[in-house]
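See structure below.
The values are calculated or read from the model by the stated rules, or taken from the named source; none is laboratory data. Predicted, not measured: the structure shown is a model, and the values here were computed from it. All Cβ positions, glycine included, derive from the backbone under ideal geometry; neighbour counts span all protein chains shown.
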Amino acid sequence: MNSCLFLILRIIWFVCIGLPVGWFCIHIGWLLMLTIIGIPFTIWIYNRIPMIMTLQMDVEDRYKLKLRENEVFQGIDEQYSMLIRIPYFILIGWWFSLLWINIAYFFSASIIGVPIGFWMFNRLPLVIFLTQS
């Protein structure tokens, strides 16, 4: 019974609050990304987009839950060199990420596109900074 009520609450939250607040947050995060000082805040905001839009647990809580369930942590794949990532961000990542974010948001705003939209949100670090996760 409680999980059914929580699901209904999450749906109401997503439609009434999550979509408009999520739109605001992804664009504020993108604007912050344009400054060197704002990049950590952008990453912090983008890691919380699923929580902001759907009340889903944030990244740290999911990681702690996995550790509690005794799952083996596989580690992060090998990253691209900073010599590749910095020029990529300067030439492509900053403008392509705005396009990517807006497409992800519009997928998320449709019932059919929600899974695709959140898949795209989860790929933001790769799109912006070529960061493997």
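Of note:
- Cβ separations smaller than 8 Å between residues 6+ apart or across chains give no pair from the stretch 1-27 residues that are surrounded by fewer than 11 Cβ atoms within 10 Å (Cβ to Cβ) to residues that are hydrophobic (A, V, I, L, M, F, W, C).
- Residues within the stretch 86-103 that are closer than 15 Å to Thr42 by Cβ and surrounded by 13 or more Cβ atoms within 10 Å (Cβ to Cβ), tallied: 8
- Residue tally, condition surrounded by fewer than 17 Cβ atoms within 10 Å (Cβ to Cβ), farther than 19 Å from Ile103 by Cα and modelled with pLDDT of 90 or more, over the stretch 28-37: 3
- Close pairs (6 angstrom Cβ cut-off, 6 or more residues apart or separate chains): over 18 Å from Ile11 (Cα atoms) in the stretch 110-127, not in a loop (DSSP other than H, G, I, E, B) anywhere: Met120/Ala104; Phe121/Ile49; Phe121/Ala104; Leu124/Tyr46; Val127/Ser97; Val127/Trp100
- When Val15 is tested against the conditions (1) of a type outside the set (Phe, Trp, Tyr); (2) under 19 Å from Pro125 (Cβ atoms); (3) at pLDDT 90 or above, the lone failure is (2).
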